[in-house]
Amino acid sequence: GAVVSQHPSWVICKSGTSVKIECRSLDFQATTMFWYRQFPKQSLMLMATSNEGSKATYEQGVEKDKFLINHASLTLSTLTVTSAHPEDSSFYICSAMIGQQTQYFGPGTRLLVL
Amino acid sequence: GENVEQHPSTLSVQEGDSAVIKCTYSDSASNYFPWYKQELGKRPQLIIDIRSNVGEKKDQRIAVTLNKTAKHFSLHITETQPEDSAVYFCAASFTNDYKLSFGAGTTVTVRA
C-alpha cells in the first residue's frame, strides 16, 4: 500500500516553455501532498505544501507564479514549471501524506531545460 | 524553522559490521522523525520512523533511538549488507504543519 506515482519520469524542454508534472496517490487519498526539489548530491528541499481544495503554501524563496501547484482531487496534485529556464533543471519529487505525518514519495521527475 | 544536522556525511563499513548515523534537531516542538533511504536516481524510501513518545524502535536489522532532552536521534543498521549501500536521510516534523525538514544525507558504502 501507500503507492505514489509521478508522471513524467523525465522531460527535456526548451527554455521558455512550461512543463506539467503529475503526482498521484494510487491506493489512498491524500489531503496533503508536498513538492520537493533535489539537486545532484544534495538533500531534498521543500518547495510547497499542496492541500486539496485550497491554495498551495510556498516556502520562502519559491516563486508561486513560476511553480504553479494545483491539488484538484484527493489523489492528484500537479506542479507546472512555467517559462522554464536552464537553472530550473533538477529532480522534482512529490510526496503524499498518509495518516499522521507519514510521507511516501513518488519516483521523481528529472527535468532538463535546454 | 526547524534545522536538522546529520553526521557523518559519508560512512564506509565492512559487510557484517554496524553503521550508525546521527541527527540533531533544533525545534523542541518536533515530534516525528522518519528515516529515508535513497538509491541513486530513485525515490526516497521510508525505512523506519519514530514519534516523540517513544525512545527506541526496531525493525529487523534497523533501529532508531530518540533522545528528546538532547534533541538528537540516531539510525542503527546491524549486520550490514551490500544492498544497504545508499544515501540515508533523517528528517523531523511537527504536527502544526507536517512539513519535513531533512538532514544533508549520509552516503553509506558497505564493502564486501
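The values are calculated or read from the model by the stated rules, or taken from the named source; none is laboratory data. Given the structure is predicted, the values throughout are model-derived calculations rather than measurements. Every residue, glycine as well, gets a Cβ built from its backbone with ideal geometry; the counts of neighbours run over all protein chains shown.
For region B:4-41, enumerate the residues that are among the hydroxyl-bearing types (Ser, Thr, Tyr) and outside any loop (DSSP other than H, G, I, E, B). Those that are among the hydroxyl-bearing types (Ser, Thr, Tyr) and outside any loop (DSSP other than H, G, I, E, B): B:THR10, B:SER12, B:THR24, B:TYR25, B:TYR32, B:TYR36. The one condition from (1) surrounded by fewer than 16 Cβ atoms within 10 Å (Cβ to Cβ); (2) at pLDDT below 95 that B:GLN14 does not meet is (2). Here is the figure for region B:62-97: residues that are without any contact (Cβ under 8 Å) to a residue 60 or more places away in the chain and more than 11 Å from B:ALA19 (Cα to Cα) total 14. Restricted to region A:1-105, the set of strands (runs of 3 or more DSSP E) holding at least 3 residues that are within 14 Å of chain B (Cβ to nearest Cβ) and out of contact with any Leu (no Cβ under 6 Å at 6 or more places or on another chain) comprises A:4-7, A:32-38, A:45-51, A:90-98, A:102-105. Looking only at residues in region B:1-11 that are within 14 Å of another protein chain (Cβ to nearest Cβ) and at pLDDT 95 or above, the one that is nearest to B:PHE94 (Cα to Cα) is B:VAL4.
Residues in region A:68-112 that are crowded, with 20+ Cβ neighbours inside 10 Å and of a type in the set (A, V, I, L, M, F, W, C): 10 in all.
Quick grid of which residues meet (1) within 11 Å of chain A (Cβ to nearest Cβ); (2) out of contact with any Lys or Arg (no Cβ under 9 Å at 6 or more places or on another chain):
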site: B:GLY16; (1), (2): no, yes
site: B:ASP27; (1), (2): no, no
site: B:PHE33; (1), (2): yes, no
site: B:ARG43; (1), (2): yes, yes
site: B:GLY55; (1), (2): no, no
site: B:THR65; (1), (2): no, no
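Conditions (1) of a type outside the set (Phe, Trp, Tyr); (2) farther than 23 Å from A:MET97 by Cα; (3) within 11 Å of the chain's Cα centre (by Cα); (4) at pLDDT 95 or above, marked per residue:
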site	(1), (2), (3), (4)
B:SER52	yes, no, no, no
B:VAL64	yes, no, yes, yes
B:PHE73	no, no, yes, yes
B:PRO82	yes, yes, no, yes
B:TYR88	no, no, yes, yes
B:PHE94	no, no, no, no
B:ASP97	yes, no, no, no
B:GLY103	yes, no, yes, yes
